[in-house]
Amino acid sequence: MKKIFLLLCTALLLFCGCQKQEPQTPMAQIQKILTDMKGYTCIATITRTSNKGENQYETKQDFKSTGEYRLELLSPESVKGNYTVYDGKTVCQYNPRLHDKVVKDVPLSQQRNELFLGQFLKNYMQSEGVSVETAALDESRCTVLEAVIPGNDSTMATEKLWVDNETLTPVRFVIYNAEQKPTWQLDYTTFSFNPHFDESLFSIPE
């Protein structure tokens, strides 16, 4: 009897061990990669829409989950080379056309901070009644995450992030005003999670 019991137990363990785990849903994978994010680097086209019209900039973003960031303008030519960097304590702006002038102790800006996915993730985790949906974007299936932006800035009320279900990388990020009209839109050309950063990227020039 004892031998039969042991055989049954062994068979049960083998059966359980052979069962394949159910694959994670895209939503579960996306949430995990975002919450595990240590940083990212990307190239993104930023479209700024206001009552004065529309402006478009090609940018490079480097962001660390500890808060440091660098936002560099790649085009148009009139602003190429301008960048803003935050080393965790000080915000600095650099303009190569003003005799290499560096402006330190620049005030922190909600509008600038909201352009980084680290801030979106904080807002998403804190938002009540956030929505998740699946949508088609450029013929690829995406999961769309939505968050409420805290504060009283009527130009930045809510935000949505489109993430490709296959590559698990962000495709588009849009910030809406109180009337649900886009005020900022980022379309990502390239995106890499958790890159190896050259720490000089986040250093403030002397």
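The values are calculated or read from the model by the stated rules, or taken from the named source; none is laboratory data. Since the model is a prediction, treat every value here as computed from it, not as a measurement. Because the Cβ atoms are built from the backbone with ideal geometry, glycine has one as well, and the counts that use them run over all protein chains shown. Note: areas computed on protein heavy atoms with side chains; ligands, DNA, RNA excluded. Shrake-Rupley method; radii C 1.70, N 1.55, O 1.52, S 1.80 Å.
The set of residues in segment 184-203 being of a type outside the set (Phe, Trp, Tyr) and more than 21 Å from Val163 (Cβ to Cβ) consists of His196, Asp198, Glu199, Ser200, Leu201, Ser203. One residue is enough: does segment 115-123 have a residue meeting the conditions assigned to a loop (DSSP other than H, G, I, E, B), modelled with pLDDT of 90 or more, under 17 Å from Phe173 (Cβ atoms) and under 14 Å from the mean Cα position of the chain (by Cα)? Yes, that holds for at least one residue. List every residue pair whose Cβ atoms sit under 9 Å apart, with the two residues 6 or more apart in sequence or on different chains, where the first one lies in segment 183-201 and is over 19 Å from Asn113 (Cα atoms) and part of a strand (DSSP E or B) and the second, anywhere, is at pLDDT 95 or above and of a type in the set (Asp, Glu). From segment 183-201, the pairs are Thr189/Glu58.
When restricted to residues that are open to solvent by 30 Å² or more (accessible area, probe 1.4 Å) and under 12 Å from the mean Cα position of the chain (by Cα), segment 169-187 contains 4. Comparison of Ser65, Ser78 shows that the only residue that is of a type outside the set (Asp, Glu), modelled with pLDDT of 85 or more and surrounded by fewer than 11 Cβ atoms within 10 Å (Cβ to Cβ) is Ser78. Note on segment 93-111: residues that are in contact (Cβ under 8 Å) with a residue 24 or more places away in the chain and either within 17 Å of Thr66 (Cβ to Cβ) or in a loop (DSSP other than H, G, I, E, B) (or both) amount to 1.
Quickly run through segment 39-62 and pick out the residues that are open to solvent by 20 Å² or more (accessible area, probe 1.4 Å), out of contact with any Lys or Arg (no Cβ under 7 Å at 6 or more places or on another chain) and closer than 21 Å to Thr190 by Cβ. Within segment 39-62, Thr41, Thr45, Arg48, Gln56, Tyr57, Glu58, Lys60 meet the criteria.
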